[in-house]
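Undergrad: Quick one: this structure, given as structure tokens, is what I'll be asking you about.
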Amino acid sequence: MTAPTFSTGLSAILIGGASLTIACGDILLAGGHHVTAVVTRNTDVAAWARHHHLSVLERVTDLCDGAHKADWLLSVAHLELIPPEVLALPEKGAINFHDGPLPQYAGLNTPAWAIMNQKPSHGVSWHMIDGKVDAGDVLVQRDIDMVPDEAAVSLNSKCYAAGVESFSDLLKQLETGVLDRRAQDLDK
């Protein structure tokens with residue numbers, strides 16, 4: 001399968017259901033890149049996509065019809081596993097946003113775990129999706145300082161801001177084709 005050819009920019013399938021999905025989509029489009037499909041059940045994300053005349057799908061398996069080819073699949077605030085047949089669709093690979101520093105904080109609810117463990121810092125990660133949950137090579141990480149008695153809402157806001165900021169760093173890697181892949185030490 002070959003991704004569609006555009007005069008400039010990358011092509012991406014965007015999967016997610018939060019305002020971070022929209023923010024990253026805006027950065028993609030502003031950079032002259034192409035979103036071939038948006039997979040979401042979130043009404044705000046769907047409305048954003050329709051406003052930009054983008055194809056909207058409700059289920060990731062809807063991508064298997066072959067109509068939405070892309071260089072990259074970007075999972076941004078998507079909390080479900082993506083089936084292998086969908087991960088195989090993008091020409092160059094699939095990348096996930098994770099609201100925790102990997103490998104130390106894989107899985108769900110990582111900001112809450114950092115607060116419960118009274119950590120002095122947290123972070124976010126953009127990583128390759130390799131079939132195992134949150135185990136793929138890390139491409140970009142951003143550290144976040146935590147304050148004593150950090151609340152979940154403030155830490156989630158910090159993760160959002162770090163996700164938007166670090167997405168630009170990820171996009172630079174995708175634009176140049178030179179990925180700064182760092183294997184995770186899964187013993188951590």
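Undergrad: Criterion first (of a type in the set (Ser, Thr, Tyr) and more than 16 Å from Leu87 (Cβ to Cβ)) does Thr61 satisfy it?
TA: The answer is no for Thr61.
Undergrad: If you take the residues in region 95-135 that are farther than 19 Å from Gly25 by Cα and acidic (Asp, Glu), which one is least open to solvent (accessible area, probe 1.4 Å)?
TA: Filtering region 95-135 for residues that are farther than 19 Å from Gly25 by Cα and acidic (Asp, Glu), the one least open to solvent (accessible area, probe 1.4 Å) comes out as Asp134.
Undergrad: Filter region 138-177 down to residues that are free of Cβ contacts under 8 Å to residues at least 60 places away in the same chain and of a type in the set (Ser, Thr, Tyr), then give me how many there are.
TA: Residues flagged as free of Cβ contacts under 8 Å to residues at least 60 places away in the same chain and of a type in the set (Ser, Thr, Tyr) within region 138-177 amount to 4.
Undergrad: Any residue in region 68-91 that's part of a loop (DSSP other than H, G, I, E, B): show its pairings with residues that are of a type in the set (Lys, Arg) and surrounded by fewer than 17 Cβ atoms within 10 Å (Cβ to Cβ) at Cβ separation under 8 Å, as long as the two are six or more apart or on different chains.
TA: Listed pairs, sorted by first residue: Asp71/Lys92.
Undergrad: Could you tell me which of the residues Val124, Val133, Val153 is within 30 Å of Ala67 (Cα to Cα) and either part of a helix (DSSP H, G or I) or β-branched (Val, Ile, Thr) (or both)?
TA: From the options Val124, Val133, Val153, the qualifying one is Val133.
Undergrad: Count, please, the residues in region 136-150 that happen to be surrounded by fewer than 19 Cβ atoms within 10 Å (Cβ to Cβ), β-branched (Val, Ile, Thr) and part of a strand (DSSP E or B).
TA: 0
Undergrad: Here's another thing I want to ask about it. For region 1-22, which positions are over 21 Å from Leu87 (Cβ atoms) and either surrounded by 18 or more Cβ atoms within 10 Å (Cβ to Cβ) or at pLDDT below 95 (or both)?
TA: Within region 1-22, Thr5, Phe6, Ser7, Thr8, Gly9, Ile22 qualify.
The values are calculated or read from the model by the stated rules, or taken from the named source; none is laboratory data. Everything quoted here is computed from the prediction, not taken from an experiment. Here Cβ is always computed from backbone atoms with ideal geometry, including for glycine, and neighbour counts include all displayed protein chains. Calculation scope for accessible area: heavy atoms of the full protein, side chains included, ligands and nucleic acids excluded. Shrake-Rupley method; radii C 1.70, N 1.55, O 1.52, S 1.80 Å.
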